[in-house]
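Student: What follows is a structure written as structure tokens; I'll ask about it next.
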Amino acid sequence: MSMNTTTTVREENGAWMVTEVADTPMGAATDTATVEKGSLILKKRVAKQGPMSVEMQFEGNKMTGTLTMNGPPKPIAVDLGGPLSRTPPAPP
């Protein structure tokens, strides 16, 4: 199965924006992470493909956000036990 991916890293508002786009047989998939400069702590992540999207915000030990797939958004709230650092998408 052939799949093309592109990873872009840019600075925006004092943070790193890491975006990975994959062209898949099911359509384009985009995954964007906002990572705090210096600490590389994950602050926000948005993944989209077709009718599915997941939006997550990270603050301290908590992750909140929404999951949407063919209907109204469903809330997400998780106690992570600590901050997350550099999770995908990431440069290969």
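The values are calculated or read from the model by the stated rules, or taken from the named source; none is laboratory data. Quick caveat: nothing in here was measured; it's all calculated off a predicted structure. Neighbour counts are summed over all protein chains in view; Cβ atoms, including those assigned to glycine, are modelled from backbone coordinates with ideal geometry.
Student: With (1) over 20 Å from THR7 (Cα atoms); (2) modelled with pLDDT under 90 as the list, and THR68 as the residue in question, which single condition is left unmet?
Tutor: In the conditions (1) over 20 Å from THR7 (Cα atoms); (2) modelled with pLDDT under 90, THR68 misses (2) alone.
Student: Then there's this: Just give me the residues in the range 25-47 being on the phi > 0 side of the Ramachandran plot and either among the aliphatic types (A, V, I, L, M) or within 13 Å of the chain's Cα centre (by Cα) (or both), in sequence order. Steps first, answer last, please.
Tutor: Let us first name the residues in the range 25-47 that are on the phi > 0 side of the Ramachandran plot, namely 27, 38, 40.
Of everything in the range 25-47, just one residue is on the phi > 0 side of the Ramachandran plot and either among the aliphatic types (A, V, I, L, M) or within 13 Å of the chain's Cα centre (by Cα) (or both), namely LEU40.
Student: Inside the range 55-65, can you point out the residues that are of a type outside the set (Asp, Glu) and either under 15 Å from ALA33 (Cα atoms) or in contact with a Phe, Trp or Tyr (Cβ under 7 Å, 6 or more places away or on another chain) (or both)? Give the steps one after another, and end with the answer.
Tutor: Here is the first cut: in the range 55-65, the residues of a type outside the set (Asp, Glu) are 56-58, 60-65.
Passing the criteria: MET56, GLN57, PHE58, MET63, THR64, GLY65.
Every residue, every condition in (1) among the polar types (S, T, N, Q); (2) assigned to a strand (DSSP E or B); (3) exposed (fewer than 13 other Cβ atoms within 10 Å of the Cβ), yes or no:
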{"position": "THR7", "(1), (2), (3)": "yes, yes, no"}
{"position": "ALA28", "(1), (2), (3)": "no, yes, yes"}
{"position": "GLY38", "(1), (2), (3)": "no, no, yes"}
{"position": "ARG45", "(1), (2), (3)": "no, yes, no"}
{"position": "LYS48", "(1), (2), (3)": "no, yes, no"}
{"position": "PHE58", "(1), (2), (3)": "no, yes, no"}
{"position": "MET63", "(1), (2), (3)": "no, yes, no"}
{"position": "GLY71", "(1), (2), (3)": "no, no, yes"}
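Student: Looking at (1) free of Cβ contacts under 8 Å to residues at least 40 places away in the same chain; (2) in a strand (DSSP E or B), which one does ALA33 not meet, given that it meets all the others?
Tutor: Every listed condition holds for ALA33 apart from (1).
Student: Report yes if ALA29 is over 20 Å from LYS62 (Cβ atoms) and out of contact with any Ser or Thr (no Cβ under 6 Å at 6 or more places or on another chain), otherwise no.
Tutor: Working: over 20 Å from LYS62 (Cβ atoms): yes; out of contact with any Ser or Thr (no Cβ under 6 Å at 6 or more places or on another chain): yes.
Answer is yes for this residue.
Student: Scan GLY14, GLY27, GLY50, GLY81 and give me the residue that is free of Cβ contacts under 8 Å to residues at least 40 places away in the same chain and touching a Lys or Arg at 6+ places or on another chain (Cβ under 8 Å). Give the derivation first.
Tutor: Numbers: GLY27 fails: touching a Lys or Arg at 6+ places or on another chain (Cβ under 8 Å); GLY50 fails: touching a Lys or Arg at 6+ places or on another chain (Cβ under 8 Å); GLY81 fails: touching a Lys or Arg at 6+ places or on another chain (Cβ under 8 Å).
Selected residue: GLY14, the only one of GLY14, GLY27, GLY50, GLY81 that is free of Cβ contacts under 8 Å to residues at least 40 places away in the same chain and touching a Lys or Arg at 6+ places or on another chain (Cβ under 8 Å).
Student: To continue, here is another question. Which condition number does GLY38 fail, the rest of (1) over 16 Å from MET52 (Cα atoms); (2) modelled with pLDDT of 90 or more being met?
Tutor: Failed condition: (2).
Student: Another one. Just a yes or no: is a residue in the range 8-16 among the acidic types (Asp, Glu) and under 12 Å from LEU84 (Cα atoms)? Working first, answer last.
Tutor: If we filter the range 8-16 for residues that are among the acidic types (Asp, Glu), which is where we start, we get 11-12.
Next cut, under 12 Å from LEU84 (Cα atoms) only: none.
The answer is no, given that none of the residues of the range 8-16 is among the acidic types (Asp, Glu) and under 12 Å from LEU84 (Cα atoms).
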